[in-house]
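Before any comments, here is the structure.
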Amino acid sequence: MTKPSGRGGPRLLVFSEAVTLAHIARPYALGAELAQAGCDVHLARHPRYDQLLGNALPQRHAIHSISPGAFTGALARGAPLYDLQTLQSYVEDDLRVIAEVGPDAILGDFRLSLAVSAAVAGVPYLAIANAYWSPYCRQRYPVPELPFVRVLGPAAGQLLFDAVRPFAFALHCLPMHRLRRHYGLPSLGADLNRVYTHGDYTLYADAPGLFSMRALPAAHRFIGPVNWSPEVAPPPWWHEVPAATRCVYVTLGSSGRADLLPTVLAALAELDATALVSTAGAPLPADLPDNVYAAPYLPGADAVARADVVLCNGGSPTSQQALLHGVPVLGLPGNLDQYLNMSAVVRAGAGRMLRSGRLRADELARQLRGLLDDTGSRAAAGRLAASWRALDPAAACGEVLREALGRGTVAHATPGTEVYR
């Protein structure tokens, strides 16, 4: 395989799975910093989120991803996220781009097909994942907002979920088992945690300490939270927001429930605080409360910096962004991924959560007032922020990349420093 001339560093092919913005943002942010450090980085992605990305990774290759609606719909039903036919088409797409780029290594985020594609191509694969999906995480699984919970309620729903979850997880593994068998690869078994996190190296985009972990194998590493904000200009009202009032930043995220927005707005209207609301691309409501400023997208890091509380769907990217700034989080989780993340935030004392399936405006307003006044949660968020400042995800990823390529150890570097020599 002939490789075109590059920048002299290792050629890294970064894959993202454009089903949520998180699975685009994390590999893009890491790839951008590794490009500054001397890697020749190519980005394989579906272009649906390109308008939110910057120009740090101009070498781009189109791949197919199922739609966000199909992904979140499967999550809401508790159905397998990918069938065998979809995974097979993904592998073909992956192998096409791998052949075009000729990478030294592959970095991917929830592109499950790469556990097969990279092995078939003989290229080292670094998989980005969350620690709460690790097969080495001691985990309790809260029941998400599945259809039967609306009928049975959370308490009875939890009992049923505990009984059927092992069988449901095994069913979710079946397409991957068949895919690997088709390509002559050993099965990952009926362990969904292995399926979701498998790679030659597994990189946990979380801070160690939030989760109870068994001893990790050498190929599993914590790299720390990956911080990213969309490349969007502030809306026209950005500089008109009162600076003296307390502030709530609201984003339900690309995998959040847009149907919750009217309830959220009704709760915000009851607060003696300003609210900055990102609809994550959903249409803006015709009428907004006087204390609410809204836009389809906001510069997340700047919005968090102005906030006293962040209200989100409980997913890891926004909650981590808040905690990196020492801001407590109120999560409204719906799917299991969000529940697992918010459970850790609540255990750390840095936030609260409400079940999105039973959300009421009066209770949401009460919890927001409580969190705005909760000095303990703010102090806990501040302690996490202080401990996370020492983490450098891109440098940690670079260390693993050097190890995967057998190029020795590399010193931790600040962004822009030449790392690969």
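Every number in this text was worked out from the coordinates using simple rules, so none of it is lab data. Keep in mind that this is a model prediction, so the values were computed, not measured. No Cβ is skipped: glycine too gets one built from the backbone with ideal geometry, and neighbour counts run over all protein chains shown.
Here the mean projected area of the convex hull built on the C-alpha positions of the range 238-388 is 8.0 nm².
Fewest to most neighbouring Cβ within 10 Å: what's the order for 92, 17? All intermediate terms of the calculation are to be shown ahead of the outcome.
Working: 92 12, 17 25.
Placing the least packed residue first, the sequence is 92, 17.
Treat the range 181-234 as a sphere of radius equal to its Kirkwood radius over Cα pairs and apply Stokes-Einstein at 37 °C in a medium of 0.692 mPa s; give the translational diffusion coefficient in µm²/s, rounded to a whole number. The calculation lands on 233 µm²/s. Placing +1 on the Cβ of every Lys and Arg and -1 on the Cβ of every Asp and Glu, with nothing else charged, gives the range 238-388 a dipole about its Cα centre of roughly 540 debye. A Förster distance of 51 Å, applied to the separation of the beta-carbon atoms of residue 244 and residue 181, puts the FRET efficiency at 0.20.
Assuming 1.306 mPa s and 10 °C, estimate D for the range 58-175 with Stokes-Einstein, Rh taken as the Kirkwood radius over Cα pairs, in µm²/s. This corresponds to a translational diffusion coefficient of 96 µm²/s. Orientation-averaged projection of the chain equals 19.9 nm² [convex hull of Cα atoms, one quarter of hull surface area]. Restricting the calculation to Cα atoms, the range 131-204 yields a radius of gyration followed by a Dmax of 14.7, 44 Å.
Which value results for Rg/Rh of the range 27-123 when Rg is the Cα radius of gyration and Rh the Kirkwood radius based on the inverse mean 1/r? Provide the component values of the computation, followed by the final result.
Details: Rg = 14.3 Å, Rh = 14.6 Å.
Looking at the range 27-123, the ratio lands at 0.98.
Mind sorting 346, 250 by how few other Cβ atoms lie within 10 Å of their own Cβ, fewest first? Could the numbers behind the result be given before it?
Numbers: 346 16, 250 27.
So the residues, fewest neighbours to most, are 346, 250.
Distances longer than 14 Å among the Cα atoms of the range 357-396: what percent of all pairs is that?
Details: 497 of 780 pairs.
Above the 14 Å cut-off, the range 357-396 has 64 percent of its Cα pairs.
Maximal additional length on extending the residue 214-residue 164 stretch stands at 15.6 nm, based on 0.36 nm per residue less the C-alpha distance.
Subtract the Cα-Cα distance of residue 287 and residue 89 from 0.36 nm times their separation in residues, and report this length gain in nm to one decimal.
Numbers: separation 198, 0.36 × 198 = 71.28 nm, distance 4.40 nm.
That works out to 66.9 nm of additional length.
Note down the magnitude of the dipole of the chain about its Cα centre, charges +1 on Lys and Arg C-beta and -1 on Asp and Glu C-beta and zero elsewhere, to the nearest 20 debye. Display every interim value, and only then the final one.
Values: 36 positive and 34 negative charges, 209 e Å.
The dipole magnitude comes to about 1000 debye.
Fully extending the segment from residue 373 to residue 51, taken as 0.36 nm per residue of separation minus the present Cα-Cα distance, adds 112.2 nm. Here is the list for the range 150-254: trypsin sites (Lys or Arg not before Pro) lying in DSSP coil, each with at most 10 other C-beta atoms within 10 angstrom of its C-beta, are 214.
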